[in-house]
1. Mind checking the alpha-carbon convex hull of the chain and giving the volume per residue in Å³?
2. Before anything else, pin down the relative contact order of the chain: Cα pairs under 8 Å, at least 6 apart, normalised by residue count, whole percent.
3. Over segment 152-228, what relative contact order in percent results from Cα pairs under 8 Å that are six or more residues apart?
4. Shape call for segment 155-219 from the C-alpha gyration tensor, a ≥ b ≥ c root eigenvalues: rounded (a/c under 1.5), prolate (a/b greater than b/c) or oblate?
5. Kindly provide the helix-only [θ] at 222 nm of the chain, computed as the sum of -39,500 (n - 2.57) over DSSP H runs of four or more divided by all residues, to the nearest 500 deg cm²/dmol?
6. Residue 64 to residue 95: extension gain in nm, 0.36 nm per residue of separation minus the Cα-Cα distance?
7. What ranking do 157-163, 217-223 get when scored by the average of other Cβ atoms within 10 Å per residue, highest first?
8. Can you tell me which of 111, 36, 71 moves the most in a GNM of the chain? Springs connect C-alpha atoms under 10 Å apart.
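Any read-out appearing in this document is the output of simple, stated calculations on the displayed coordinates, not a laboratory observation. Small disclaimer: the values here were computed from a predicted structure and weren't measured. Reconstructed Cβ throughout: ideal geometry from the backbone, glycine too, with neighbour counts over all protein chains shown.
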Amino acid sequence: MDYIFDGFKKALYLIFSLDREVFSAVLISLRVSCTAIIFATIVGLPLGFCISIKEFKLKRLVVTVLNTLMALPTVVVGLMVYSFISRRGPFGTLNLLYTPNAMIIGQFILATPIIAALTVSAVRGVDEKVAATALTLGASGGQAAKMVLLEARFALLAAIIAGFGRIIGEVGAAMMLGGNIRRVTRTISTAIALQTSMGEFAVGIALGIILLLVAFLINILFHYFQRR
């Protein structure tokens, strides 16, 4: 058990001394995941909203597919994107493989179905009288839609947080698409896997603590906005 306690001591030292290797991985993770979640929100929220309010033949099937994609394995996403952006793939000339942009694409694919599916549930949970009352009072279709989104804002925020939580700690797609290149594509999760396999237990613990802190801070922000 001594090596565990020693690992925690060294981990705390690395965190408070602002170790360059540790915080390089943290900054890359945050930059990649925040960019991916922004694009996923831009696509996922309108998609989920449209699916929820529109009536069409295959609506139930589309919702089922979205719910299934919420559990999409990260290595499958990594393999799929890899096949398209590798040198032999159709987008190989763009030289995206082993870059932060490749990881952003993978994380975008992972987060978008989550946000879209949870948006469908959030909008369905809003009382139908909200839109009906707004239209009765003379609101346009866009204004009525805005009222529905305002009523569901906390559930929508939770959907975005769930999407971010899904991608910030994923390993499979990040490893396959980013290549775990030092100070370029090495994220918190890939660094933990690498450092632990190399016997650098303290670095792995330090990064694990930071990852937990990030998740904790996100939840604090969510509860703060919910109270407001």
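1. Hull volume over Cα atoms, normalised by residue count, gives 156 Å³.
2. Working: 289 pairs, mean separation 70.8, N = 228.
Across the chain, relative contact order equals 31 percent.
3. Relative CO of segment 152-228 lands at 28 percent.
4. oblate
5. Working: 11 runs with 177 residues, N = 228.
The helix-only estimate for the chain comes to -26000 deg cm²/dmol at 222 nm.
6. 7.7 nm
7. On the way: 157-163: 19.9, 217-223: 12.1.
In descending order of packing, they fall as 157-163, 217-223.
8. The residue that fluctuates most here is 71.
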